[in-house]
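Q: My structure is below; once you've seen it, I'll send some questions.
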Amino acid sequence: MVRFVLSSPLPAPLRARDLFRLARLLEQVIPKKSQGEIGVRFVSENEIRSMNHIYRGKNQATDVLSFEVHAPAFMHKIVERSLLAMGDLVVCPSFAKREAQRRGIAWREELLRLLAHGSLHLAGEDHETAKEEARMFAKQERMVASVVGLHHPLYAGTV
């Protein structure tokens, strides 16, 4: 089972049902033994810039950071955990909104993409090689398309 546990309010375009649907889709692509709770916190650009600097050595804002359970920034004290913890995601809605505007897509879609992307990282997926990237991004895009109801050839196939 995959469950998102929020430690901050959802940004305006997202609804609880979006997270529920994304969690159900993640359960289809993540091995059962890797499933669990994902802590999610939405933060300002200043906060994510600071975290990116502290934990990744990059003094710039970013869209999403993922922290595995053993990472120093793991927020286990912020949320009550009843399942095995997969890790935590920190998402910057304002950064995502600018990226969505730049790409000409809905803000909701970009936020879901970041949640899917970060969740796949927590499940052990990566995009270091072209093959890994193609596999991970295909999963990510199919999940996003399914939640937002996109019908496009790029998104064809099963999750």
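Q: Calculate the FRET efficiency for MET1 and VAL148 from the Cβ-Cβ distance with a Förster distance of 25 Å, rounded to the nearest 0.05.
A: Given R0 = 25 Å and the Cβ-Cβ separation, E is 0.65.
Q: Here's something else I'd like to know. Please work out the FRET efficiency for the pair SER94 and ARG24, using the Cβ-Cβ distance as r and a Förster radius of 30 Å; give the result to the nearest 0.05.
A: Rounded to the nearest 0.05, the efficiency is 0.60.
Q: Can you give me the C-alpha center-to-center distance between the range 5-32 and the range 127-142, rounded to a whole angstrom?
A: Their Cα centres are 20 Å away from one another.
Q: In a shell of Cβ-Cβ distance under 13 Å around HIS127, excluding HIS127 itself, what net charge do Lys and Arg (+1) and Asp and Glu (-1) give? Working shown, then result.
A: Working: positive: LYS131, ARG135, LYS139; negative: GLU125, ASP126, GLU128, GLU132, GLU133, GLU141.
Charge balance in the 13 Å sphere: -3.
Q: Same structure, new question: With each pseudo-label sitting 7 Å past Cα toward Cβ, what's the SER34-ALA12 distance in nm, one decimal?
A: Between SER34 and ALA12, the simple spin-label model gives 3.6 nm.
Q: Counting pairs of Cα atoms in the range 1-148, how many percent are more than 22 Å apart?
A: For the range 1-148, the share of Cα pairs beyond 22 Å comes to 35 percent.
Q: Additional query: Among the lysines, select those whose C-alpha is under 22 Å from the C-alpha of LYS131, and discard any that sit fewer than 8 residues away in the same chain.
A: Within the straight-line cut-off, LYS131 pairs with LYS139.
The numbers here are math on the coordinates, done by the rules we state, and not lab data. Values in this document were obtained by computation on a predicted structure and should not be read as measured data. So basically every Cβ, Gly included, is an ideal-geometry build from the backbone, and we count neighbours across all protein chains shown.
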